[in-house]
Amino acid sequence: MGTSSKELARKLRALAARQHGCFTAAQAVDTGYADSVHLYHVKNGKWIRVFRGVYRFADAPETPAARGMAALLWTRDKNGKIQGFLAPETAEALLSGTIPANQPIPIRVPRDFRRSTAVPDGIEIEMAAGKSHKTSKMDGLIVHAEPMQAPKTPRQAPDVPLDMPDYYDWLDYQAVLCEKPSN
């Protein structure tokens, strides 16, 4: 017995509501939609194709937070795990609506991030430093938990001559090696 289209739509809308109206093609398939009907819903005006494999319900508002969520969903890997994250400042700007509609959403990704497609217009990729990143969620958006630190200025070497090992250091070393433990 199949699931009704109203039930499928209800499930997908519940999922998309947690993601600012956005969802992926894989999430639609997991909900029960066939791959073959995605184009039908786009042509019918029910879904808007935001990026390749990322959709938004047409009646969901295109807010800056929805644009950020769509950009994050675009960074998912083959297992569906989102790889990207937002800088804390970016997330706050998205939620407050201060990022203009024509400005790309800056997304940080790990150094090993690879996609088989080019980065679409509307997303700006920045490679994050380090291998692991602590993230948290801010209104459903994945955010880098640690703020960017200002680049450290290189330390200058002190203006004192270096103490090079010499004969006396060698004698001290030998004394330690040859020292007998006391009972």
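General observations
- Order by protection proxy (mean Cβ within 10 Å, highest first), peptides 102-109, 7-14, 64-71: 64-71, 102-109, 7-14
- Each Lys or Arg adds one and each Asp or Glu subtracts one; over the other residues with Cβ under 15 Å from the Cβ of Gly122, this totals +1.
- Taking other residues whose beta carbon is less than 15 angstrom from the beta carbon of Asn79, and scoring Lys, Arg as +1 and Asp, Glu as -1, yields +2.
- 21 Å Cα-Cα threshold exceeded, pairs from Lys6/Lys43; Lys11/Lys46; Lys46/Lys78: Lys46/Lys78
- Remark: spin-label model distance Arg49-Glu7 equals 3.0 nm, labels positioned 7 Å along the Cα→Cβ axis.
- Modelled FRET efficiency - R0 30 Å, Asp59 with Asn79, Cβ distances, 0.05 increments: 0.50
- For the stretch 5-144: rounded, prolate or oblate by the Cα gyration tensor [a/c cutoff 1.5]: prolate
Only the coordinates and a few stated rules stand behind these numbers; no lab work does. What you see is a predicted model; the values in this text were computed from it and never measured. FYI the Cβ positions are ideal-geometry reconstructions off the backbone, even for glycines, and counts take in every protein chain you see.
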